[in-house]
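The values are calculated or read from the model by the stated rules, or taken from the named source; none is laboratory data. These figures come from a predicted structure and were not determined experimentally. Cβ coordinates were reconstructed from backbone atoms using ideal geometry, including for glycine residues, and neighbour counts include every protein chain displayed.
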Amino acid sequence: MPLTLLWLGDQQGRPKERIVIEQIKAAVNGAAGKNQKIAMFHFQVLKNADELAGIDPKGFCREVSVPETYATEFRKMIALARLMKEQGAKLISN
């Protein structure tokens, strides 16, 4: 049976991971002026944990233009998302 690949990108040919990172960067930078940068970082990583799993935390921080010290927060949110999934908890949006 031949292998079928599913492309999860956009019309410009960007992979889904790249799109998610660009959206997170915009949201985090937009929240900085409201003194909500770290809260938005937490929220975005938690919300997008499935797409971000397996990404190098320090590399992610560089891509999103936050200090590499945020890598610890990245790891915490990925772990929290995993725990929530194991416990059957979900994030819901309106």
Pairs, please: C-beta under 7 Å, at least 6 apart or cross-chain, first residue more than 18 Å from Leu91 (Cα to Cα) and in segment 24-45, second in a loop (DSSP other than H, G, I, E, B)? Lys25/Ser65; Val28/Val66; Asn29/Ser65
Tally up the residues in segment 1-53 that are of a type outside the set (A, V, I, L, M) and modelled with pLDDT of 90 or more, please. 17
Tell me whether segment 43-52 contains one or more residues that are in contact with a Gly (Cβ under 7 Å, 6 or more places away or on another chain) and surrounded by 11 or more Cβ atoms within 10 Å (Cβ to Cβ). no
